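A.B. asks: After the structure tokens below, expect a handful of questions from me.
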Amino acid sequence: MNELRPVPKPKKSDRIKARHERKASDPNRSSAITESAKGETCTICGICDETIVWCHLPLRCAGFGGIGLKVPDILGYYGCFKCHTNEPNTGWMELLIGFARSVIKLVEEGIIEVKK
Ligand SMILES: [Zn+2]
């Protein structure tokens, strides 16, 4: 009879290393995009403060992302805390404008490249 033995839990440092390796190889993740939010202006309301982060668009319902999966990093905008938390009450046109302004900034700053 086979004896069931508990599987040893990997060390925390090994789990963190594995997570970084997964992120680095995932084409939908870009720390260059998410980290570029520091010092940016909110592309929804125009405020510039320390709360600006890269906000992922709420597109899980449209099949981008899913349970345990974030929407790809490119599908987002620079947003302040107030706009990010108010996102469920924000119209799609406002979010689209924020996305468009953010993508233009990413191109202007060379974070994403449009091939000629
Ligand atoms: Zn804002």
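A.B. asks: Please specify each residue of region 21-38 satisfying the condition of being surrounded by 10 or more Cβ atoms within 10 Å (Cβ to Cβ) and either of a type outside the set (Ser, Thr, Tyr) or at pLDDT below 90 (or both).
C.D. replies: Once the filter is applied, which keeps residues that are surrounded by 10 or more Cβ atoms within 10 Å (Cβ to Cβ) and either of a type outside the set (Ser, Thr, Tyr) or at pLDDT below 90 (or both), region 21-38 yields 21, 22, 23, 26, 28, 29, 32, 33, 35, 37, 38.
A.B. asks: Find all pairs meeting these conditions: Cβ atoms under 7 angstrom apart; at least six residues apart or on different chains; first residue within region 72-87 and at pLDDT 95 or above; second residue among the acidic types (Asp, Glu) and more than 8 Å from the ligand (Cβ to nearest atom).
C.D. replies: These pairs meet every condition: 78/40; 80/49.
A.B. asks: Further question: Of (1) in contact with a helix residue (DSSP H, G or I) (Cβ under 8 Å, 6 or more places away or on another chain); (2) assigned to a helix (DSSP H, G or I), residue 40 satisfies all except one. Which?
C.D. replies: So the condition that residue 40 fails would be (2).
A.B. asks: Looking at (1) more than 19 Å from residue 111 (Cβ to Cβ); (2) within 16 Å of the ligand (Cβ to nearest atom); (3) out of contact with any Cys (no Cβ under 8 Å at 6 or more places or on another chain), which is the one condition that is false for residue 16?
C.D. replies: (2)
A.B. asks: From the list 90, 41, which one is within 16 Å of the ligand (Cβ to nearest atom), without any contact (Cβ under 8 Å) to a residue 40 or more places away in the chain and surrounded by 11 or more Cβ atoms within 10 Å (Cβ to Cβ)?
C.D. replies: 41 is the lone residue from the list that is within 16 Å of the ligand (Cβ to nearest atom), without any contact (Cβ under 8 Å) to a residue 40 or more places away in the chain and surrounded by 11 or more Cβ atoms within 10 Å (Cβ to Cβ).
A.B. asks: Could you list, in sequence order, all residues of region 24-37 that are assigned to a helix (DSSP H, G or I) and in contact (Cβ under 8 Å) with a residue 24 or more places away in the chain?
C.D. replies: Matches in region 24-37: 32, 33, 34.
The values are calculated or read from the model by the stated rules, or taken from the named source; none is laboratory data. Note that the structure is a prediction, hence the values are computed from the model and not measured. Every residue, glycine among them, receives a Cβ derived from its backbone with ideal geometry; neighbour counts consider all protein chains shown.
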